[in-house]
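Working notes, beginning with the structure itself.
Derivation of every value follows stated rules applied to the coordinates shown; laboratory data play no part. Predicted model, so just to flag it, every value in this text is computed and none were measured. Quick reminder, even Gly has a Cβ in these numbers, built from the backbone with ideal geometry, and neighbours come from all protein chains shown.
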There are 2 protein chains.
Amino acid sequence: MGKVSTRQHIIERADQLFYERGFEATSFADIAQAVGISRGNFYHHFKKKDDLLDAVVERRMANTRMMLDQWASAFPEPKDRIRAFIQILIVNQAKIMAHGCPVGTLCAELAKLEHVAQNSARQIFGLFRDWLAEQFRSLGRTQGAEALALHLLGRSQGVTALAMAFRDPAFVETEVAALERWLDSIDQPALPQDQPS
Amino acid sequence: MGKVSTRQHIIERADQLFYERGFEATSFADIAQAVGISRGNFYHHFKKKDDLLDAVVERRMANTRMMLDQWASAFPEPKDRIRAFIQILIVNQAKIMAHGCPVGTLCAELAKLEHVAQNSARQIFGLFRDWLAEQFRSLGRTQGAEALALHLLGRSQGVTALAMAFRDPAFVETEVAALERWLDSIDQPALPQDQPS
DNA sequence: GTCTATATGGGGATAGAC
DNA sequence: GTCTATCCCCATATAGAC
């Protein structure tokens, strides 16, 4: 407690800078300066930039899991849990208008670089997809749960993309309201006690 | 005719490479090689990389205008025009899964770089927004036309984002079908001959 | 207009002293 | 674990011959 390790400190700052400026555009000099260490010290903790990227992706995975667990604890109702997901767009509105979605923009950048870490980055999306699908299943949508999850994930990605381009808070709020109406309109079938055939 | 100017050739190749690899990740050496000229010759045509970016954005603007005009000529019905927009996701499916949307990914990259060309890039989105809004207005949606346009633009951006991350053709097709159902469900009010008050 | 140098700077990465 | 010093490469950009 109190003081985090230098390694952890590097990962945190790199996470932030990769998000704000992008992976490639962030140099070791940038991170070293943000952390307050020399560039040389850097290589004691991470041999290659890709190693650091792996650590950052791992951190984001862990943080995502924590956030999803927290929502699950805080909200017993699946719809409230899904609403919490939608509300990220409002809670992080300023950051999203400035730098987009951390997951989406990283995946896009790594795809263009044909970077090996593409697969790990996509798994963060996978966490959201699976968690959302679980909530839709709890709502009785046992069949199309994954499609619903991907639909919602896509809708939120679309909002972040245009939020970044146009920087219009009103657009974000309009779309969030539309998403919440969409969620409310999801029919909640009676619990299937008897399953035909 | 026949042979395009070297300048034009550079712009075309840069356009393609900026899309496939990203703006920053594409070097003059890459473009020079693709065009088949020396790096030195390059600077005869463009003093700075940013000048080339401007030219590429201008080209994309012009190409977008041409495409929209072409759709307007080919389809008299607004719904068919909007359908043509939605169908880009199918027509360019392979490229989108590999490199995303050319406009969205460029805007995202420039936003992170805090690049001055951000404003020009966003105007490409503006072309789509305004053209789509006009189609919705033709459908009788005189009030919420722009919101509908942004909604559709956002939905399509969301599809490209997840298409790039998951590379799942089935997802794209499912979402395109959903978008077409959404479009069909847009009520087409009777032409407002008498306007209250 | 096109080429071959070349200048200059920044990036990732290493060696080795403390 | 942290530092300074350094290597090497590649990027943008320039100068000047053809």
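Summing +1 for each Lys or Arg and -1 for each Asp or Glu, what net charge is found among the other residues whose Cβ lies under 12 Å from the Cβ of A:Glu146?
Net charge around A:Glu146: 0.
Hey, could you grab the Kirkwood Rh for the stretch B:1-47? Inverse mean 1/r over distinct alpha carbon pairs, Å, one decimal.
Here the Kirkwood hydrodynamic radius works out to 10.8 Å.
Which listed residue (A:Ala32, A:Val4, A:Leu17) has the Cα farthest towards the positive end of the charge dipole for the stretch A:1-47, taking +1 on Lys and Arg C-beta and -1 on Asp and Glu C-beta about the Cα centre?
A:Val4
For A:Glu109, what is the net charge nearby, where nearby means another residue's Cβ is under 12 Å from its Cβ and Lys, Arg count +1, Asp, Glu -1?
0
Sort B:Tyr19, A:Tyr43 so that the residue with the fewest other Cβ atoms within 10 Å of its own Cβ comes first and the one with the most comes last.
A:Tyr43, B:Tyr19
Sequence gap at least 6, Cα distance under 8 Å: using those rules, report the relative contact order of chain A to the nearest whole percent.
It rounds to 22 percent for chain A.
So, with +1 on the Cβ of K and R and -1 on the Cβ of D and E, and no other charges, what is the size of the charge dipole of chain B about its Cα centre, to the nearest 20 debye?
Roughly 580 debye for chain B.
What ³J(HN,Hα) values, in whole Hz, does the Karplus curve 6.51 cos²θ - 1.76 cosθ + 1.60 give for the stretch A:158-166 when θ = phi - 60°, with x put for Gly and Pro?
Residue by residue, the stretch A:158-166 yields x, 4, 5, 4, 6, 4, 5, 6, 9 Hz.
Could you tell me the calculated FRET efficiency between B:Arg39 and A:Arg7, based on Cβ-Cβ distance and R0 = 56 angstrom, to the nearest 0.05?
After rounding, the FRET efficiency stands at 0.90.
Between A:Phe85, A:Phe166, A:Phe125, which gets the highest mean-square fluctuation from a Gaussian network model of chain A, Cα cutoff 10 Å?
Taking springs between Cα atoms under 10 Å, the residue moving most is A:Phe166.
Using a simple charge model, +1 on the beta-carbon of Lys and Arg, -1 on the beta-carbon of Asp and Glu, nothing else, what dipole does the stretch B:47-155 show about its Cα centre, in debye to the nearest 20?
The dipole magnitude comes to about 180 debye.
Report the rotationally averaged projected area of the protein assembly as shown based on its alpha-carbon convex hull, in square nanometres.
For the protein assembly as shown, averaging the hull's shadow over all directions gives 26.8 nm².
Using a Förster distance of 25 angstrom, determine the FRET efficiency expected from the C-beta separation of A:Asn119 and A:Met67, and round it to 0.05.
The computed FRET efficiency comes out at 0.70.
In whole Hz, with x marking every Gly and Pro, tabulate ³J(HN,Hα) for the stretch B:174-179 from phi via Karplus 6.51 cos²θ - 1.76 cosθ + 1.60, θ = phi - 60°.
Karplus values, whole Hz, x for Gly and Pro: 4, 6, 5, 4, 5, 5.
Using the count of nearby Cβ atoms within 10 Å as a rough guide to exposure, how do A:Val57, B:Val159 rank from fewest to most?
Listing A:Val57, B:Val159 from fewest to most nearby Cβ atoms yields A:Val57, B:Val159.
Summing +1 for each Lys or Arg and -1 for each Asp or Glu, what net charge is found among the other residues whose Cβ lies under 9 Å from the Cβ of B:Ile11?
Charge balance near B:Ile11 sits at 0.
What's the magnitude of the charge dipole for the protein assembly as shown around its Cα centre, counting Lys and Arg as +1 and Asp and Glu as -1 at the beta-carbon? Answer in Debye, nearest 20.
That gives a dipole near 1120 debye.
Per DSSP H run of n ≥ 4, the term is -39500 (n - 2.57); total these for the protein assembly as shown, divide by its residue number, and report the mean residue ellipticity at 222 nm rounded to 500 deg cm²/dmol.
Calculated mean residue ellipticity at 222 nm is -25000 deg cm²/dmol.
Please compute the alpha carbon radius of gyration of chain B, then divide it by the globular-protein estimate 2.2 N^0.38 Å. Two decimals is fine.
1.17
With chain A treated as a Gaussian network of Cα nodes joined by springs under 10 Å, which of A:Asp51, A:Asp187, A:Asp15 yields the largest mean-square fluctuation?
In the Gaussian network model the winner is A:Asp187.
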